[in-house]
Amino acid sequence: MVYEEYVKTNKEAFLEKVKQISAKLRINPDWLMVVMYAESHLNPEAYNSNGGASGLIQFMPSTAKWLGTTTAKLRSMSNVDQLDWVYKYFYSLGATGKIKSVYDLYLVTFFPIALGKPDSWILESKDLSAYKIAANNKIIDLNKDGKITVGEFKQYVDMYLKKKILT
């Protein structure tokens, strides 16, 4: 499986569980490994002090609360146990069967309401302006226009994946 060499503990159990939850979600397990590597380098204790995102897929504090846990609890779990919450996240969004590519999986991880939207759709919501999203994710705002489109996000993922795969 891609990036399996970065799994530091419980490697066999972790990879088996990735396969199990990927089958339930009807996605390629390599896609999940790519997203988790990109978000946390497969470190369940990963923490981003800018917003408090934590864990394998960088759960935001509000997302953890929505799922019935906290980011602190997530960070204290083993990599295998945290996969239950990764599955719960995607399942609770109703994403099963709707994710058709690694781009879709990463998009639903980053900004779920954008899944299925056309490439021209601008990432924003009633609670988050396009400007704020772009300001907090400058690396994804490729044309530096203060907004991120789905197409731009896909281009960023493609550039990021190529960079990671080649290094």
Checklist entry - Dipole size in debye (nearest 20) for the chain around its Cα centre, Lys and Arg Cβ +1, Asp and Glu Cβ -1? => result 200
Next on the checklist: Give me the net charge for the shell around Ser22: Cβ to Cβ below 13 angstrom, other residues only, Lys and Arg +1, Asp and Glu -1.
Outcome noted: +2
Item to check | Dipole of region 55-110, positive end: most advanced residue of Ser62, Phe110, Gly94 [Cβ charges, Cα centre] | outcome: Ser62
Checklist entry - What list of ³J(HN,Hα) values in whole Hz, one per residue of region 82-98 in order, does the Karplus curve 6.51 cos²θ - 1.76 cosθ + 1.60 (θ = phi - 60°) give from phi, with Gly and Pro shown as x? => result 5, 4, 4, 6, 4, 4, 4, 4, 5, 5, 5, 7, x, 7, 4, x, 9
Checklist outcome for this item: So the carbon and sulfur contribution to the accessible area of region 1-141, 1.4 Å probe, in percent, is 51
Checklist entry - Which percent of the Cα-Cα distances in the chain go past 22 Å? => result 42
Item to check | J(HN,Hα) series, region 62-79, from Karplus relation 6.51 cos²θ - 1.76 cosθ + 1.60, nearest Hz, glycine and proline x | outcome: 5, 5, 4, 4, 4, 7, x, 9, 10, 5, 5, 5, 4, 5, 7, 7, 5, 4
Next on the checklist: I'd like the projected area of region 1-99, averaged over all directions, using the convex hull of its alpha carbons. Report it in nm² with one decimal.
Outcome noted: 5.6
Next on the checklist: Per residue, how much accessible surface does region 1-110 expose to a 1.4 Å probe? Answer in Å², no decimals.
Outcome noted: 48
Next on the checklist: Can you list residues from other chains, or at least 5 along the same chain, whose modelled amide H is less than 5 Å from the amide H of Phe59?
Outcome noted: Ser54
Checklist entry - Add -39500 (n - 2.57) for each DSSP H run of 4 or more in the chain, then divide by its residues: what number comes out at 222 nm, to the nearest 500 deg cm²/dmol? => result -15500 deg cm²/dmol
Checklist outcome for this item: One finds, for Ser92 and Leu142 with R0 = 35 angstrom and r their Cβ-Cβ distance, a FRET efficiency to the nearest 0.05 of 0.70
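What is the dipole size for region 72-167, taken about its Cα centre, with +1 at each Lys and Arg Cβ and -1 at each Asp and Glu Cβ, in debye to the nearest 20?
Magnitude of the dipole: close to 140 debye.
The values are calculated or read from the model by the stated rules, or taken from the named source; none is laboratory data. From a predicted model like this one, the values you see are computed outputs, not experimental measurements. Positions of Cβ are generated from backbone atoms using ideal geometry, with glycine treated the same way; all protein chains shown enter the neighbour counts. All accessible areas refer to the heavy atoms of the entire protein, side chains included, with ligands and DNA or RNA removed. Shrake-Rupley method; radii C 1.70, N 1.55, O 1.52, S 1.80 Å.
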